[in-house]
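Visitor: Below: one structure in structure tokens.
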Amino acid sequence: MAIIKPFRALRPQPNAAAAVAAPPYDVLNSAEAAAQAASNPNSFLHVTKSEIDLPGIADIHVPEVYEKAKTNLEAFRKEGILLREEKPCYYIYELVMQGRQQTGLVAVSSIDDYEKDIIKKHEYTRPEKEQDRINHIRTSGAQTGNVFLAYRDVDALNDLIEKWKTSAPVYDFTAADGISHRVWIVDDENTVSHISDLFNSSVPFTYIADGHHRAASAAKVRQSLDAGYHDNANYFLTTLFPAAQLHIMDYNRVVKDLNNHSEADFLRALYEDFEVERMPSAFSPTHLHEFGMYLGGQWHKLTAKQGSYSEDPIGVLDVTILSDKILSKLLDIHDQRTDKRIDFVGGIRGLHELEKRVDSGEMKVAFSLHPVSIQQLFDIADSGNIMPPKSTWFEPKLRDGLLTHLIYE
């Protein structure tokens with residue numbers, strides 16, 4: 001069974017929460033982070049993207065950047081912007097985006113579970129991204145980024161969480177992007193014990209929905225520490241969502257060229273594996289095995305022909321069909337993690353972003369996909385398989401800075 005524990009969060013004073021809360025470190029580049037934090041000295045971006053406070057630095061992965069993160073975090077604590085919880089608690093985190101609500105339980109999860117595959121993965125990680133988070137965690141002594149975990153619903157736990165939400169939240173604000181954030185502290189010892197018992201007896205596995213690099217980095221930090229380190233390092237910061245709460249968006253692709261095909265030749269080649277239909281406007285797939293394609297100012301609907309793909313958990317995915325039958329077969333793109341000719345556009349940006357990238361001449365062709373389902377994610381992780389890169393896009397995103405896990409104290 002999956003093991004979770006309450007923890008003593010480092011968190012903002014209630015009146016500072018909206019200013020402290022920041023987008024995840026990996027959804028902003030340094031310039032975007034600097035612009036967002038320029039007029040906000042309390043933004044947690046000063047911790048997670050601390051290069052913004054070192055103007056002119058050429059390499060954002062040098063030791064000075066991580067030391068600056070540590071210094072800024074310590075300053076937030078000394079100035080009273082952040083406080084440390086007096087006793088271990090659970091936290092309930094609700095996000096509302098465009099009227100849609102999802103609620104998760106914030107806890108620390110066991111690194112032993114991660115290493116034993118009780119916490120299941122569906123993506124490969126990249127060593128350079130892992131090393132960045134390893135350096136950040138070890139130097140700052142803090143896990144500042146949440147790992148987003150999913151699990152199959154437990155009715156009794158859902159009911160308990162909904163009941164607790166009838167009390168007053170400690171944080172309640174709407175960010176500039178229109179997403180509402182509410183956090184409750186579960187500090188009653190009987191309720192804390194009940195949550196632990198329910199979860200640890202009813203949830204056999206959890207699944208990484210977002211945060212593979214953060215989880216892998218936490219595990220490697222634990223492995224690297226000397227004997228006698230604090231027990232906190234045996235756990236990592238997670239927010240756990242029941243499957244029924246989750247919404248996966250499409251994760252689309254744009255490609256720089258047609259691999260020396262003309263547009264006409266490329267279209268003809270598609271007919272071997274797809275039904276091809278011209279569309280009068282932007283096309284977002286409504287069924288599995290449908291794809292939108294934007295080429296030469298024109299949208300097309302591509303429908304994979306029966307028999308052109310396998311029915312195993314990986315082969316049946318639309319991201320696999322696109323990869324096998326178009327990207328690899330026709331465009332000579334075999335490793336989407338490293339090939340510079342392909343880029344990825346989260347569904348939150350809309351189809352107009354695909355049109356913009358192609359119409360500008362930056363890209364030659366764009367593909368819109370039907371989202372992966374949460375059941376497909378579970379099936380693939382349970383089978384021990386790995387999805388193609390950039391298969392899932394979850395919205396809304398958890399904010400950094402509201403709840404931080406310290407590993408050294």
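Visitor: What does the charge dipole of the chain about its Cα centre add up to, to the nearest 20 debye, if the Cβ of each Lys and Arg holds +1 and the Cβ of each Asp and Glu holds -1?
Guide: 480
Visitor: Hey, another quick one. Out of the chymotrypsin sites (Phe, Trp or Tyr not before Pro) in the range 300-409, which ones are loop residues according to DSSP with at most 15 other C-beta atoms within 10 Å?
Guide: 408
Visitor: Using θ = phi - 60° and the Karplus form 6.51 cos²θ - 1.76 cosθ + 1.60, what ³J(HN,Hα) does each residue of the range 399-409 get, whole Hz, x for Gly and Pro?
Guide: Listing the rounded values in order: 8, 7, x, 6, 9, 10, 10, 8, 9, 9, 8 Hz.
Visitor: Here is a further query. Over all directions, the average projected area of the alpha-carbon convex hull for the range 304-370 comes to how many nm²?
Guide: With the hull built on Cα positions only, its mean projection is 5.2 nm².
Visitor: I would also like to ask the following. Go through 286-296, 186-196, 205-215 and give me the packing order, highest mean Cβ count within 10 Å leading.
Guide: 205-215, 286-296, 186-196
Visitor: Oh, and also: Name the residues whose placed amide hydrogens come within less than 5 Å of the amide hydrogen of residue 8, ignoring near sequence neighbours (fewer than 5 apart) on the same chain.
Guide: Under 5 Å from the amide H of residue 8 lie the amide H atoms of 89, each far enough along the sequence or on another chain.
Visitor: Another question, then. Going through the range 114-145, which trypsin sites (Lys or Arg not before Pro) have at most 16 other Cβ atoms within 10 Å and a DSSP loop state?
Guide: Filter output for the range 114-145: 116.
Visitor: As a test of the formula, what do you get for the chain when each DSSP H run with n ≥ 4 contributes -39,500 (n - 2.57) and the sum is divided by the residue count, at 222 nm and rounded to the nearest 500 deg cm²/dmol?
Guide: Counting only the DSSP helices, I get -8500 deg cm²/dmol.
Visitor: By counting other Cβ atoms within 10 Å of each Cβ, how are 318, 273 ranked from fewest to most?
Guide: Exposure proxy ranking, most exposed first: 273, 318.
Visitor: Jot down the per residue volume, in cubic angstrom and as a whole number, of the convex hull over the alpha-carbon atoms of the range 260-387.
Guide: In the range 260-387, the Cα convex hull volume per residue is 114 Å³.
Visitor: With the contact rule set at Cα under 8 Å and sequence spacing of 6 or more, what percent relative contact order holds for the range 251-370?
Guide: Computed value for the range 251-370: 44 percent relative contact order.
Visitor: If you don't mind, there's one more thing I want to ask. Express in whole angstrom the spacing between the alpha-carbon centres of the range 318-340 and the range 87-159.
Guide: Each part reduced to its Cα centre gives a spacing of 30 Å.
Visitor: Relative contact order for the chain using alpha-carbon pairs under 8 Å, separation at least 6, rounded to a whole percent?
Guide: So the answer I get is 24 percent.
Visitor: Find, among the trypsin sites (Lys or Arg not before Pro) in the range 244-311, those assigned to loop by DSSP (not H, G, I, E, B) with at most 15 other beta-carbon atoms within 10 angstrom.
Guide: 305
Visitor: Follow-up question, since we're still on this one. Which of the peptides 66-74, 171-179 is most tightly packed, and how do the rest follow, going by the mean number of other Cβ atoms within 10 Å of each residue?
Guide: The densest-packed peptide leads the list: 66-74, 171-179.
Visitor: Return 345, 96 ranked ascending by Cβ neighbour count within 10 Å, so the fewest neighbours appear first.
Guide: 96, 345
Visitor: In degrees from 0 to 90, rounded to the nearest 10, what is the angle of the helix 155-164 Cα long axis to the longest principal axis of the chain?
Guide: It works out to around 60 degrees.
Visitor: Please compute the contact order of the range 112-228 in relative form: average sequence separation of alpha-carbon pairs under 8 Å and at least six residues apart, divided by the residue count, as a percent.
Guide: Relative contact order of the range 112-228: 47 percent.
Readers should treat all values here as calculations from the given coordinates under stated rules, not as data from a laboratory. Worth saying up front: this structure is predicted, and the values here are computed from it rather than measured. Virtual Cβ from ideal backbone geometry, glycine too; neighbours counted across all protein chains shown.
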